[in-house]
Amino acid sequence: MTILTRLEQWKEQGAISPEQHKYLSGLAQGDPFSLFLELNVLLYAGVLAFVGGLGWTVTTWSRQLGDVLVLTVLTGLLAAAFWYCFSRASAWSPQETPSPNAIFDYVLYLGALVWGIELAYIEQRLHLLSGQWDDYLLATAILFLFLAYRFDNRFVLSLALSSLAGYFGLTISRWPEHQDATYRQYALIYCVVVGVVAVLLQRRGLKPHFLGTYMNIVANVLFWALLSGVFQREGYGLWFLALLVACGASLGWGLKRRQFVFVAYAAVYGYVGVSAVLLRNVSDFSATLAYFVFTASGMLVALVVIARRFGRHA
């Protein structure tokens, strides 16, 4: 029995979808297939690596190179990137707009990251705002939001939302020492503000395809905030209940919109929260290890099965 015959049988049995059958049949026959996603990820990673190296160079050699030279190079890169984007961009549209060429999005992303490096360098060396990083973060968030909507780029939108989260005080480096009510309050306010703005913009038809990016970031910030409440020593019951409600909402959203990632959020964050409550008073290492071995294995199998079902109906 040939591979093509088996694939035909699997399609008739419902084991694979027609789209999967077409894709796998093409691979079996040696047809070319797209590497767009893999190349896209590698190119964005290359931009990040370049900017990381640039940041290291600036940090390490700034005294030897001098402020004038460093700022000249950074400003030149920033100006070149933004000039390229504004001169090559298509006319703005509230709907999804394709990139004008293959490298456009990477140049825009490079410019956004260079902006962050230059801003940090200026404040570190010149102290223009006397360490008022909140003002820098808010200005950066506004700039990145403008760039994201002008050039239709979800990666820059993610940078904007991350900068806005920093403006609200939500930084990973400060999380371990700020797991208190105030910190969670800022996180919840951030989620409400970003979520409401995302829905309003989507309903007004302004880049409605950005809604998924907004919701992904809001979901992660919300779950982290709720989990921090679940892990506190006292008064965790209300936060645990809120976590279960959020998991149910994420599960419903994912199933309704056929977005597996939100189903995964509900499963993973819910599993962590439930495990924290169940093992709160367990001190036996062997029992704890056995719990995670069996439950984590079951969770992984369940996610794989659900993912296959989502792929089958895609």
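Could you tell me whether any residue of the stretch 241-259 is more than 20 Å from the chain's Cα centre (by Cα) and either in the same structural domain as L147 (by TED's automatic domain parsing) or not in a helix (DSSP H, G or I) (or both)?
Scanning the stretch 241-259 turns up no residue that is more than 20 Å from the chain's Cα centre (by Cα) and either in the same structural domain as L147 (by TED's automatic domain parsing) or not in a helix (DSSP H, G or I) (or both).
Out of L113, L54, L69, L24, report the one residue that is assigned to a helix (DSSP H, G or I), buried (at least 17 other Cβ atoms within 10 Å of the Cβ), modelled with pLDDT of 85 or more and of a type in the set (A, V, I, L, M).
None of the other options fit; the residue is L113.
So how many residues does the stretch 85-110 have that are surrounded by 13 or more Cβ atoms within 10 Å (Cβ to Cβ) and within 26 Å of the chain's Cα centre (by Cα)? Reasoning before the result, please.
Applying the first criterion (surrounded by 13 or more Cβ atoms within 10 Å (Cβ to Cβ)) to the stretch 85-110 yields 85, 88-89, 94, 97, 99-100, 103-110.
The next check asks that each one be within 26 Å of the chain's Cα centre (by Cα); those that pass are 85, 89, 94, 97, 99-100, 103-110.
Of the residues in the stretch 85-110, 14 are surrounded by 13 or more Cβ atoms within 10 Å (Cβ to Cβ) and within 26 Å of the chain's Cα centre (by Cα).
Which residues, counting only those in the stretch 188-219, are in a helix (DSSP H, G or I), in contact (Cβ under 8 Å) with a residue 40 or more places away in the chain and among the small types (G, A, S)? Break it down into steps so the answer makes sense when it comes.
Let us first name the residues in the stretch 188-219 that are in a helix (DSSP H, G or I), namely 188-203, 208-219.
Restricting the remaining residues to those that are in contact (Cβ under 8 Å) with a residue 40 or more places away in the chain gives 208-210, 212-217, 219.
Passing the criteria: G212, A219.
Step by step: first the residues of the stretch 143-181, then only those that are more than 26 Å from P208 (Cα to Cα) and part of a helix (DSSP H, G or I), then the one that is modelled with the highest pLDDT. Which residue is that?
Within the stretch 143-181, the match that is modelled with the highest pLDDT is A181.
Of the residues that make up the stretch 220-230, is at least one under 30 Å from R150 (Cα atoms), buried (at least 18 other Cβ atoms within 10 Å of the Cβ) and in contact (Cβ under 8 Å) with a residue 40 or more places away in the chain?
yes
Based on what the data block shows, is V263 surrounded by 14 or more Cβ atoms within 10 Å (Cβ to Cβ), among the β-branched types (V, I, T), more than 16 Å from Y183 (Cα to Cα) and modelled with pLDDT of 90 or more?
Taking the combined requirement at face value, the residue satisfies it.
Which ones in the stretch 116-142 are among the small types (G, A, S) and not in a helix (DSSP H, G or I)?
S130, G131
Report yes if Y291 is surrounded by 14 or more Cβ atoms within 10 Å (Cβ to Cβ), in contact (Cβ under 8 Å) with a residue 24 or more places away in the chain, hydroxyl-bearing (S, T, Y) and assigned by TED's automatic domain parsing to the domain that holds Q232, otherwise no.
In short, no.
The values are calculated or read from the model by the stated rules, or taken from the named source; none is laboratory data. What you are looking at is a predicted structure, and each value in this text was computed from that prediction instead of being measured. Cβ sites come from the backbone with ideal geometry, for glycine too, and all protein chains shown count toward neighbours.
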